[in-house]
Amino acid sequence: MQKTKIYVIINPISGIGSKKSIPERLSSQIDQQRFDLHFFITGYAGHANHIAQEAVQNKVKYVVAVGGDGTVNEVARALVGSDSILGIIPFGSGNGLARDLKISTQIDRAIKTFKGNNICQIDYGIANDHIFFCTFGMGFDASVSESFSKESIRGPFTYFKNVIGRYIDFEPEEYEVSFNGGTIKEKAFLITCANATQYGNNAFIAPRASLQDGLMNIAILKPFGVLEIPQTTIQLFSKNIDSNKNLTEIITNEAVIKRKTPGWIHIDGDPLYEDAEVRVRIVPKGLKVITP
């Protein structure tokens, strides 16, 4: 009997904690008589994507991403539209897609989920030419992502340090958001196009979003004062941000967002410098992924 190939792509520097035990733990729990495990350690930005592209070309059935949302994005965007199936062992700072899919951040439970082989199809988004699965954003969250990407030590503490540091001197911009229901012109603290409910770390920017409805929830958060930070933070982590008086939500399958000048955006938490105009759309059910 021919064995089914599994590519396991490990990002050694994502999140916190060592991933050296992953090959042994997977090998001990996966049936070696049925599956042929191949382990790959990434060495540079984009490496995971190159390996995943090779997996698709070789018709590998399962491709497992071990890392955070950046690693998952690199792997998953190579798999969209193919027969290859994504598995996730979350090992990042935020783990937004894994959390939204209810995949445990405990390694052995995540492996058990993968072994369960419950396959579903989820949507993905495209912002200009960039594919995202959780969120695409402009404004404050993109600024924080750019700052966080320069840190040598990852994790929630470092992230929140950057949040505080960037808030002090951040200047909101004017935006024009056009969608199939009209146009909104607004000065915004941030604009997030959410395919999933959260950024990661259970920070829910779009509590009503769904990975399987063919739509995105665009959250436009207007500037707010220092005294409003505690309430806004509580709402973000308690799935109540959509009740915030400063938040406008648009539900659509495509939109065009314009600002005055080019600047930073983020794609699933990774920063990119992009044009002043960004066209965003959702592609329904374009990725196969294993979930609980």
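Among 71-81, 112-122, sorting by the average number of other beta carbon atoms lying within 10 angstrom of each residue, highest first, gives 71-81, 112-122. Bridging of K61 to aspartates and glutamates at a Cα separation below 18 Å is possible for D31, D36, E74, D83, once same-chain residues fewer than 8 apart are set aside. Between the Cα long axis of helix 107-116 and the first principal axis of the chain there is an angle of about 70°, rounded to the nearest 10.
Each helix, a run of at least 4 DSSP H residues, gives -39500 (n - 2.57); summed and divided by the residues of the chain, these come to -7500 deg cm²/dmol at 222 nm. Relative to the Cα centre, the charge distribution of segment 164-229, modelled as +1 at Lys and Arg Cβ and -1 at Asp and Glu Cβ, gives a dipole magnitude of about 180 debye.
With a/c under 1.5 counting as rounded, go ahead and sort segment 34-133 into rounded, prolate or oblate using the C-alpha gyration tensor (a ≥ b ≥ c being the square roots of the eigenvalues; past the cut-off, prolate if a/b is larger than b/c, else oblate). Spell out each step's value before the answer.
On the way: a/c = 1.30, a/b = 1.09, b/c = 1.19.
The shape class here is rounded.
What angle, in degrees between 0 and 90 and rounded to the nearest 10, separates the Cα long axis of helix 69-79 from the longest principal axis of the Cα atoms of the chain? Roughly 70 degrees, rounded to the nearest 10.
Most simply put, the chain has about 75% antiparallel DSSP beta bridges, counting only bridges with both residues inside it. The charge dipole of segment 4-116, taken about the Cα centre with unit charges on the Cβ atoms of Lys, Arg (+1) and Asp, Glu (-1), comes to about 240 debye, rounded to the nearest 20.
Relative to the dominant Cα principal axis of the chain, helix 156-169 is inclined by about 20°. Students often forget the sequence filter, so: which lysines lie under 30 Å Cα-Cα from K59 once same-chain residues fewer than 8 apart are removed? Straight-line reach from K59, under 30 Å: K3, K5, K19, K20, K102, K112, K115, K285, K288.
For segment 4-116, what proportion of DSSP beta bridges, expressed in % and rounded to the nearest 5, is antiparallel? Walk me through the numbers on the way to the answer.
Values: 0 of 18 bridges.
That works out to approximately 0 percent antiparallel.
Looking at the square roots a ≥ b ≥ c of the eigenvalues of the Cα gyration tensor of segment 130-284, which shape do they give, rounded for a/c under 1.5, prolate if a/b is larger than b/c, or oblate?
On the way: a/c = 1.31, a/b = 1.25, b/c = 1.05.
Because its axes are fairly even, with a/c under 1.5, segment 130-284 counts as rounded.
Taking the Cα centre of the chain as the origin, how large is its charge dipole in debye, to the nearest 20, when only Lys and Arg (+1) and Asp and Glu (-1) carry charge on their Cβ atoms? Don't skip to the answer; put the middle values down first.
Working: 31 positive and 30 negative charges, 199 e Å.
Roughly 960 debye for the chain.
Among 245-254, 198-207, the peptide with the highest mean count of other Cβ atoms within 10 Å heads the list, and the full ranking is 198-207, 245-254.
Here, each number is a calculation from the coordinates, and none is a lab measurement. Bear in mind the structure is a predicted one, so any value in this text is a computation, not a measurement. All Cβ positions, even for glycine, are placed from backbone atoms using ideal geometry, and neighbour counts span all protein chains on display.
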